[in-house]
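Peer 1: First the structure, then my questions, so here it is.
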Amino acid sequence: GLPPPPAEWPASGGAAMPLVRHAEAFDPFDGPTPGAAASSSSAPGPFAAAASAAAAPPAAQVVADLEHMPRADLVLVFPCKPSLMVRGSGDNQRGEEAPGLRPPTDSERHLMEAWQVRRQATVASLSDTGLILMPFFSRGRDKVFVKAAADEQLLRQAAEANGHRLELRPQYLSAFAAYKSDYAGRREWNYSDRRVSSHLYKVHNDDDDEDGEEKDPERDALRCSPPPPPSIFRTSDRIRLIDHVVRSNDHDCAGVDVGQLIHDGELFDYFPLHENKKLMNLDQDWFKAFAWGASIDKVRNYFGERVAMYFLFASHLNHWLIPAALLGLVFIVLDLILSWGSADNVTALPLCAGVCAWASTFGHFWRRSAAMHALRWGTLGHRRSAEPTRPEFFGVSRVNPVTGRIDRHYPWNERIWKVLFSYAVLSVSLLVLLIALSVLFALRHVFAKSGGRLSFQVINAVVVDIMNGVLGSIARRLTDLENHRAQSEYAYHLLAKTVVFKFVNCYASLYYIAFFKEHSELFGMPMACAGDDCLADLASQLAVFLVVRLALQNFVELGVPYLLVWYRNAADGHSMHSAAFLKTSAAAPLDLSKAERESAREEHDLCEDMDEVLLLYGYTTLFAVACPWVPILALISSLVQCFLDQKKLVLLYRRPFPVPAANNEPWDTAFDVMGILAVITNAALAVFASDAYDDWTNSHRVFLFIAVEHWAVFVRLVAMFFWPAVPRWVELRRQQQDALVHRHFDLGGEEDDPDTRAGALAGLLGSQLAPAPFIHASGEKGEEAESW
């Protein structure tokens, strides 16, 4: 039922973006079913969305649609045919025999028909919500990409239905309030119940609406209107609201179970699109935005609060490492002047006191900084909402006792056995790991006799990094086996396994050198520290760990996703450009559409980045008494980590969905635990591993150890008393914001802004053909103004 395609349509599907609105049933290949109402742009493409030429909209309407078309924020990728070599309906639409393509087998044809039915139902549900859909074929015509956009009216409707919180203007303390539309009131009540709030919301200027689209001369010629006016929705707000319209089962929403579709293979990908101009600005301003935190709001506005909290924590760590690095330089200078040659000297105990104070208060002041930023971002006291089901989750269908809707369920009595199996495997793996580390140290003893101590230290560091990857994969496989429904549950269980695995792998050898190596035996061989100085031996091995990690691990961290993108594009007959670090658009072939290039990227996993920062924090704090200079290497490594993380996020990963967050839990708790271990370890190093207290009795040493620990507790209590985790002014400002929101949204507001309020009322009442309110201005001699 489709009209033949024009001769000038290109073979590539990247430029094909028909506009689909309110279609009862639509398929981008075979056209709409009888009775469908759709409109199509005159932009070139491999298919049309009109049932017949008579049903096509006039050219003026198409031009108007193009002029006011909002930017597409989300992409859904549907399968079309099982192989590039199979002839599909999209190939037949080109009006040719598509040489080189074979007819589908019976099983392939049935699969393609099943995909088509599901695709029709999904696209029809999406278009019925009012979303603007722009579907097109992939270059190989084996997939169909459907861009989803929403105009301002639909966004406002979704925001009000969802209770989406938006930022208010600065004169309203930049508070956050659930969106409410204006209400003119009832005439019979003399409009006493009118509600006007549109003038309260902060307006955001977005000059990047055209950047994400492909260059199309015809489209650019048609779209001659000025940029869209400022909006009360940020980019991340639009993505969240469109995602709500797609996933939610609320009224006027599509109710698409994205996780189930991906699990069943009926949907390949679902992700938000990047905005190239904003990415370039972030890339150019990477130090202030990602490493120093001065422009962290740019990260939050683009990627959302969850990603911004991670980089805010990284910048907090960088700030705190600077004084520690300066102190380390002082100790290096003193070592050069006084020729100590080891950290085992009179400065060990004062240094231990400083390190304990630093480690005990780092997490506390981070929570303080997070609370201040969460207040500005409207996430302070944020409660985690219901999470979508992970695509990997499987279970039986049941009626949800809370929502009353059908969903997937996996009973706990079946999961508990898999959890027990996971921790049994974890225990056995840790035992094998400890045996392997013991063998490594026995080999080190052999290497030391032949003068190869440094070579073994390098080998040990490389083996530790390799084992980190292996153990991380085991932890992920075990967590996958447990079949958790929500991403937060999955992250908690993965964190528990990963931290235990990597803590033993990374720090067991260092603990052995510090406390157990001297005057001990291993496999019948007497062990001794290098030069009979365990602190110097420990410092040497830790330095090698950090240098190898800085050189090897960060290279792998950036190189692996880069190579994966290269391989996927090379499989399609393309090659990567070598200027990936210079241009954002150079990270993928330019003859593919923007959505196709981004679909070849990996998904961003924030847990891996947080895991790397936690390991670096452990290397920095656990053995600082033996290595006063370690904060210098840690600061360099942290800055390199920030640089590589932002490069991956900007160039090599898809845009993550913006997620509201007030902190980095459960990682904040993990850092607190690491800080406690740092206090205990450094106190034990200064008291028990040092030679300065050899003539002390064991009871005196224990007393000194307890005194150092209590010093750290005292410093933490003082910090909590004078600088609480949630500052007093933050709590006061939150109460002021709550009172202001209650006054303006629940009690009708005040007359402190007559100009903007009257303007909002005029627009509201004018649009609803209602009489304008009577506003009496005060006289020149101070007579009171009558309220309207």
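The values are calculated or read from the model by the stated rules, or taken from the named source; none is laboratory data. Just so we're clear, the structure is a prediction, and the values are computed from it rather than from any experiment. Cβ coordinates were reconstructed from backbone atoms using ideal geometry, including for glycine residues, and neighbour counts include every protein chain displayed. Remember, those area values only see protein heavy atoms, side chains included, never the ligands or the DNA or RNA. Shrake-Rupley method; radii C 1.70, N 1.55, O 1.52, S 1.80 Å.
Peer 1: Fully extended, how many nm does the chain gain between residue 333 and residue 428 (0.36 nm per residue separation, minus their Cα-Cα distance)?
Peer 2: Stretched out fully, the residue 333 to residue 428 stretch lengthens by 29.6 nm.
Peer 1: Treating the beta-carbon of each Lys and Arg as +1 and of each Asp and Glu as -1, no other charges, what is the dipole magnitude of the range 363-444 about its Cα centre, to the nearest 20 debye?
Peer 2: Dipole magnitude for the range 363-444 comes out near 340 debye.
Peer 1: Here is a further query. Kindly sort 283, 480 by accessible area of their heavy atoms, largest first, with the probe set to 1.4 Å.
Peer 2: 480, 283
Peer 1: Excluding ligands, DNA and RNA, what is the solvent-accessible area per residue of the range 633-721 at a probe of 1.4 Å, expressed in Å²?
Peer 2: The answer is 42 Å² per residue.
Peer 1: So, one more: Using only the Cα atoms of the range 636-753, build the gyration tensor, take square roots of its eigenvalues as a ≥ b ≥ c, and label the shape rounded, prolate or oblate: rounded if a/c is under 1.5, else prolate if a/b is larger than b/c, else oblate.
Peer 2: oblate
Peer 1: Which order do the peptides 354-361, 407-414 come out in when sorted by mean C-beta neighbours inside 10 angstrom, highest first?
Peer 2: Going by the mean number of other Cβ atoms within 10 Å, highest first, we get 354-361, 407-414.
Peer 1: Quick one: of 418/502; 147/502; 277/497, which pairs are farther than 30 Å apart, Cα to Cα?
Peer 2: The pairs that break the limit, which is 30 Å between Cα atoms, are 147/502; 277/497.
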